[in-house]
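Note sheet for the following structure.
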Amino acid sequence: MPIATISLGTAIGGTVFSGVEDAGLMQLQPTQNNHVSALTEITHWAVGDEHRAYIKFTGLSNLTAPITVSNARIGLYFNSVNGTDSVLAHQLIVGTTVNEMTWNQRATGVPWASGAYTADSINMTPTVSAALSPASSNQFVELSGANLDRLIGA
């Protein structure tokens, strides 16, 4: 059964999707939850100063089977890119509570086994990735691919 395209932003077209929660985790603020922060950063400022973002698609449970996902896309806005780099999206393999996540804990009282970005918490094979350059600044970068289609359609 075909359904409308669902996008996280108007820059890549489709319907803006509101069923999303996010949390920004900062290594220098290991006990702070940034679930309601206006700024969720993905960056590496220096050794010991990493920022990670977790995005949870809460509205996907509204999709009823059987469905075929053939062109899932995530648009992430980058306001500044210095040099060349890449952004990798990984699937979490442990349960979390988005509004309780911190660098140290995946939920209140439940620590990450060995860190917020390790083989104990994520599938180390990226679901999708995108190359970044200074030309990526101040625009949406689209992440898409067959692995994302399979994950969302599961």
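Quick notes
- Taken as a whole, the range 50-67 holds at least one residue that is more than 20 Å from residue 127 (Cα to Cα), touching a Phe, Trp or Tyr at 6+ places or on another chain (Cβ under 8 Å) and charged (D, E, K, R).
- Residue in the range 45-68 that is surrounded by 12 or more Cβ atoms within 10 Å (Cβ to Cβ), free of Cβ contacts under 8 Å to residues at least 40 places away in the same chain, on the phi > 0 side of the Ramachandran plot and not polar (S, T, N, Q) present: no
- Filtered residues of the range 106-129 (kept if over 18 Å from residue 46 (Cα atoms) and either among the hydrophobic types (A, V, I, L, M, F, W, C) or touching a residue at least 40 places away in the same chain (Cβ under 8 Å) (or both)): 107, 110, 112, 113, 119, 122, 124, 128, 129
- Residues that are surrounded by 15 or more Cβ atoms within 10 Å (Cβ to Cβ) and more than 12 Å from residue 87 (Cβ to Cβ) within the range 116-139 comprise 116, 117, 121, 122, listed in sequence order.
- Here the strands (runs of 3 or more DSSP E) wholly within the range 91-154 that include at least 1 residues being among the small types (Gly, Ala, Ser) and modelled with pLDDT of 90 or more are 105-107.
- Test: residue in the range 135-148 that is under 20 Å from residue 49 (Cα atoms) and not small (Gly, Ala, Ser): no
- Odd one out for residue 95, checked against (1) free of Cβ contacts under 8 Å to residues at least 60 places away in the same chain; (2) surrounded by fewer than 12 Cβ atoms within 10 Å (Cβ to Cβ); (3) over 23 Å from residue 32 (Cα atoms); (4) touching a strand residue (DSSP E or B) at 6+ places or on another chain (Cβ under 8 Å): (3)
The values are calculated or read from the model by the stated rules, or taken from the named source; none is laboratory data. What you are looking at is a predicted structure, and each value in this text was computed from that prediction instead of being measured. Reconstructed Cβ throughout: ideal geometry from the backbone, glycine too, with neighbour counts over all protein chains shown.
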